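Just so it is clear, none of the values below were taken in a lab; they were calculated from the coordinates. If you're wondering where the values come from, they're calculated on a predicted model, not measured in any experiment. Counting neighbours? That spans all protein chains shown, and the Cβs are built from the backbone with ideal geometry, glycine included.
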Amino acid sequence: MFNRVSIFLIFLPFIVIVCNSEKRCGSEYGCWSIPPGCAENECTVLIRWFVDDTILHLEMDASLNDVTQTNMGAYVAVGFSDDQRMDDNMVIECVYNGREEVRPYVSYNDGNHNAQLHAASELLILDANFSLIDNKIFCGIDLDFDQRGALSIIDQAKVDDVISKPIYLQFALGLADPYTFAKKKHSLWDGPLYPWTSSKQIHLRAITPYGYETIDEATQSVTFISRNLTYVLVTLHSVMMLWAWWFLASNAILLARYCKFAWPSTKLCGAAVWFQFHRSLMVLSVVLQVIAFLFVIIQAGFKFYLWCTMECTMEHFSKPTHTWTGLIAFTLAVFQPFFAWIRPSGISKFRYAFSCLHWFIGMTAFVVASVAIISAIPLSKTALAQHHAKLPNFWMGLYLIFFTITTIIMEMLVARNVSKRTRRESDNAALIYSKIPIVERQSRTPRAVCNRRLRVFVLLLHTMGSFAICSILSKMLIDSYFSSH
């Protein structure tokens, strides 16, 4: 009996502290425990805050067990967002270098990039205190938002006045450089290390008669599909667009431009052989593009990243570049079949003008699509630059050089053997069930036959080369997905 009473008396102060802490949460300060609904001694993260006039006092108490790594530091951070996304957000963080030193910072999230704001940190942070016990970090920071007006105009745009409006809270932790205190990107996969976001906006100030708002519900998902499915869709989008443009469309363009003179009178199912293959390849390319486009807008939540944000890094510049060029190329590609459907008849005086315009639109789409493909290299969701460094740049550059050289060789071969008149009249052979005669018959001289065979050989060479390069790049994309996962 005595032992039980003694044990109860020993633990009574701790019980009182826990009970008092629970009672004070919501009355004296706002609080957020992670995971939601956890008992206080079982929570991995406890966040508390209160506002005194223009001063925000923020406390973060978090376990670092999941981010412990030899020769690396760690960080805990709270973000403030208007829309549950980590873009255009102010962040308050504590960075631990793994050697008993902790530094507080104000930083700015710009899409996928975070920049520490050293001037803002010096001005806004009044006081900070830290402790490290059993791989748990406590970090308390006082920030005076009255000093916000002393910041530069650019920094004022990055440091939001979060104590004067409702806001979503976000929490993230991850690894940090032990020497520079620069944060590494947090986990991008489902699991305990993925950031948390409050399910609703709250006021950091005490606005209720009973005190502060608390966060009772939070989520690690702000999209209607899982993150794993998001990366699967991005990988599929990348692979399908790659094959649609650099294999199907490129060979269809070369076939129509240079090899229709090889068999101007030969027909397949009522139309010229080259025309049937060209049409089939382009239709398949457009079908792949439509599917790939649906995949990417679904994973993006039907939102487009059209503009570069304030911290316009190379990755950020690549995002709107990829979006704009991708949309333009896709629009032109979808437009081309309808444009081809209304082509003038073979004897129309507008047929040659149509053919030139049709070719120009197709080549424009191909060039713009190539820019879109290259601009995808630094994007975080493809992870090509992250896992393969400059190797994707090499293979993509090699393909474009290969395509350009192939085009030049084909142009030289055609110029040596085909007259302008034949170029115009060969379009007639593309008409289905056409009975319009070809005015100029094919030359049967050995030189002409050799020239035609050489063009077909160059086309086959390009087909094999484009197939090989698309296969290599596809493997890189798939490997990047599994390496990240």
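Points to keep in mind about this one:
- Rg to Rh quotient for segment 177-281, alpha carbon positions, Kirkwood Rh: 1.40
- Cα→Cβ-extended label distance, 7 Å offset, between TYR179 and THR266, nm: 6.5
- Restraint check, LYS183/LYS475; LYS319/LYS390; LYS158/LYS390, Cα-Cα greater than 27 Å: LYS183/LYS475; LYS158/LYS390
- Taking label points 7 Å from Cα along the Cα-to-Cβ direction, VAL371 and LYS303 give a separation of 2.5 nm.
- Protection proxy ranking, highest mean first, for peptides 166-178, 241-253: 241-253, 166-178, where packing is the per-residue count of other beta-carbon atoms within 10 Å, averaged.
- Under 5 Å, built H, 5+ apart or other chain: amide partners of ALA271: TYR433
- Within the straight-line cut-off of under 22 Å between alpha carbons, the lysines reachable from LYS260 are LYS349, LYS420, LYS435, sequence neighbours fewer than 8 places apart in one chain being disregarded.
- Under the Karplus curve 6.51 cos²θ - 1.76 cosθ + 1.60, θ = phi - 60°, whole-Hz ³J(HN,Hα) for segment 77-85, x wherever Gly or Pro sits: 8, 10, x, 10, 10, 8, 9, 6, 10
- Once the Cα-Cα distance is subtracted from the 0.36 nm per residue extended length, the LYS136 to GLN276 segment shows a gain of 43.6 nm.
- Residue separation of CYS312 and HIS57 scaled by 0.36 nm, minus their Cα-Cα distance, works out to 88.7 nm of gained length.
- The radius of gyration of the Cα set in segment 27-219, together with its Dmax, comes out at 15.5, 48 angstrom.
- Considering only LEU173, ILE154, SER121, and ranking their Cα positions along the charge dipole of segment 104-184 that arises from unit charges at the beta-carbon of Lys, Arg, Asp and Glu, the one farthest toward the positive end is LEU173.
- For LYS381, the aspartates and glutamates whose Cα comes closer than 13 Å to its Cα, not counting residues fewer than 8 places off in the same chain, are GLU315, ASP479.
- Percentage relative contact order, segment 130-250, counting C-alpha pairs under 8 Å, at least six apart: 17
- Computed from backbone phi with θ = phi - 60° and the Karplus coefficients 6.51, -1.76 and 1.60, the 3J(HN,Hα) list for segment 390-404 is 8, 4, x, 4, 4, 5, 5, x, 4, 5, 5, 5, 4, 5, 5 Hz; x is used for glycine and proline.
- For the pair THR214 and ALA389, a Förster radius of 51 Å applied to the C-beta separation gives a FRET efficiency near 0.65, rounded to the nearest 0.05.
- The residues neighbouring LEU454, those whose beta-carbon lies less than 14 Å from its own, together hold a net charge of +4 under the Lys/Arg +1, Asp/Glu -1 convention.
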